[in-house]
Amino acid sequence: MPTPLAPGRNGRSAGGFLRSGVPLAAATLVSGILSYGFNLILTRALGPEGFGAMGALLGAAVIGSVPATALQLEVARLVASGQAVGARWLVGRAALSVSVASLVCGLALAPLIDHVLRLHSIWDAVLLALLLFPQTLTGALTGFLLGHRRIDLFAMVVVSIGVTRLAAAVVTQLADGGITFALSATVVSAGASMALGLWAVRRCGPWDDRAPHPGARRFVVGLSRAAAGAAALMVLLNVDLLAARAVLGDNSSGQYAFLTIFGRMTFWGTSFLSLWVFPRVAGSSGARRAIRLSVVAVAAGGVLAVSTASILRDELVALLAGPAYASSTPYVGAFALAGALIALVQLGTYVDVARGRHELTFAAWAGALLVAGAVFVSGASSISAIITIANTVLALLAVLSLISFRGASPTAEPRTSTTIVPTS
């Protein structure tokens, strides 16, 4: 019978944060910087027209990353809670099936993507589909490492994703390649990271065909719950930008798009905390100290980001965008606040998923719909009006997240469920 991780391992939250939270933060920071370099190099290598198509394809890849994020969360939850301990079933069967399904869906949608994105060749859409396979499977691999709390191996794989992508961009620039070359190099880079992830998993945990697993049905239920949470956060992160594009003029919507950078920077600055706390919540009876530490850290990071953005707003706008965006200056602090609130909502949603619940996922979907509906119904026609609506809804969701942390039930399903079956 599988055994959950001992609660005592989660009790030393402050020490645990220093041992694993700091390396996790460093890995995500380095990965973010490398991803920025990847985009910057391709911007110059492909030129405005080429990068327009490449950027659209990369945006589609972000949407296609929902299964990867869902696999990461569900595999981490199962491993940390003791409901599945063998990599053969989790990775070699369940995750592999999901990855193949992502590939097949991508290939089926390739003609539509080619038409909608006005690509030069349908092969670019096919390459995007091929990218989905290693991207999705790597999500499961990092989830396995996260569930075992092998932050060293997890960080290595995460950083490798940024390094190999950057190498793909450099090779594209040196070879004077086009979009197809850049996508091909990116697919190869994703395959390299996937291979490293497989090596790390083999080092980390048992690859045993006889190890227990929850069964296909319960795995699909958990994966669907994680996918719904990941998709809700993605929509919530972008809904105000899409609404602004719909109701504002070209100049104002461009200003709004630029301002979202401050929200993204604030959000990603503390997003690693959701990953840090996730296996602790899944592996013990609530991990209350870990949750409290994460809430304090997210709040402190948010206060620092909002204060810095508000004080240095003139300098930041001038440095990042130049005089053409000077009219955006008054709103910098509000957008940084939005990022801080979304970080808190993400933390709440991840804790909810780790507990096997979905209340905050539903709330996040409702919040996204509320933002969009309020913008159109109220006739909002300014940057100030839209970000005010967004921050009001996000503040309500943040309060719901704080309330949810007080919940006594750590998980919606028992750790030693009799439906867990050994693989014959």
ask   = Expressed in nm to one decimal, what extension gain is obtained for the pair Val62 and Arg245 from 0.36 nm per residue of sequence separation less their Cα-Cα distance?
value = 64.0 nm
ask   = Between Leu96 and Ser307, what length in nm is gained on full extension when 0.36 nm per residue of separation is reduced by their alpha carbon distance?
value = 71.5 nm
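More than 15 Å apart: what percent of Cα pairs in the range 160-199 qualify? If you can, show how the numbers build up before the last one.
Details: 270 of 780 pairs.
Roughly 35 percent, rounded to a whole number.
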note = Total charge of the residues flanking Glu359 in space, meaning their Cβ is under 12 Å from its Cβ, with Lys and Arg +1 and Asp and Glu -1, is +2
ask   = What percent do you get for the relative contact order of the range 7-214 when only Cα pairs under 8 Å and 6+ apart count?
value = 33
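Arrange the following residues from fewest to most other Cβ atoms within 10 Å of their Cβ: Tyr256, Tyr350.
Details: Tyr256 22, Tyr350 29.
Ranked by crowding around the Cβ, least crowded first: Tyr256, Tyr350.
What is the range 79-167 by shape, rounded, prolate or oblate, if you read a ≥ b ≥ c off the alpha carbon gyration tensor as root eigenvalues and call it rounded for a/c under 1.5, prolate for a/b larger than b/c, and oblate otherwise? It would help to have the intermediate numbers written out before the result.
On the way: a/c = 3.97, a/b = 1.78, b/c = 2.23.
Oblate is the answer for the range 79-167, as a/c is 1.5 or above yet b/c matches or exceeds a/b.
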query = What's the exposure ranking of Phe262, Phe181, Phe272, going from fewest to most Cβ atoms within 10 Å?
reply = Phe181, Phe272, Phe262
query = How much space per residue, in cubic angstrom, does the convex hull of the C-alpha atoms of the chain take up?
reply = 135
request  = Using a 10 Å cut-off on Cβ atoms, rank the peptides 365-377, 155-167, 109-121 from the highest mean neighbour count down.
outcome  = 155-167, 365-377, 109-121
query = Using the beta-carbon distance between Thr43 and Arg406 and R0 = 45 Å, what value does 1/(1 + (r/R0)^6) give for FRET efficiency, to the nearest 0.05?
reply = 0.45
For the range 146-236, convex hull volume per residue from C-alpha positions, Å³ = 152
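What does the highest-first list of 186-195, 300-309 look like by mean Cβ count within 10 Å?
186-195, 300-309
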query = Around His213, which amide H atoms from residues at least 5 apart in sequence, or from another chain, sit under 5 Å from its own amide H, with H modelled in the peptide plane?
reply = Val421, Thr423
ask   = Within the chain, which DSSP H helices have Cα atoms that stretch 24 Å or more along the helix axis and a mean Kyte-Doolittle hydropathy of at least 0.0?
value = 22-63, 96-116, 122-147, 151-174, 179-204, 216-247, 288-311, 332-354, 359-378, 383-404
ask   = Anyone know which of Ala60, Ala338, Ala232 comes out most mobile in the 10 Å Cα GNM of the chain?
value = Ala60
remark   = Over all pairs of different Cα atoms in the range 7-214, the reciprocal of the mean inverse distance gives a Kirkwood radius in Å of 17.8
Approximate spin-label separation Arg118-Ala216, in nm, with each point projected 7 Å along Cα-to-Cβ = 4.4
request  = Extending each Cα 7 Å along its Cβ direction at Leu109 and Leu369, get the distance between those two points in nm, one decimal.
outcome  = 2.1
query = Taking Cα pairs under 8 Å and at least six residues apart, what relative contact order does the chain come out at, in percent?
reply = 23
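We did not get these values from a lab; they are worked out from the coordinates using the rules stated. Predicted model, so just to flag it, every value in this text is computed and none were measured. In this analysis, Cβ positions are derived from the backbone assuming ideal geometry, glycine residues included, and neighbour counts consider all displayed protein chains.
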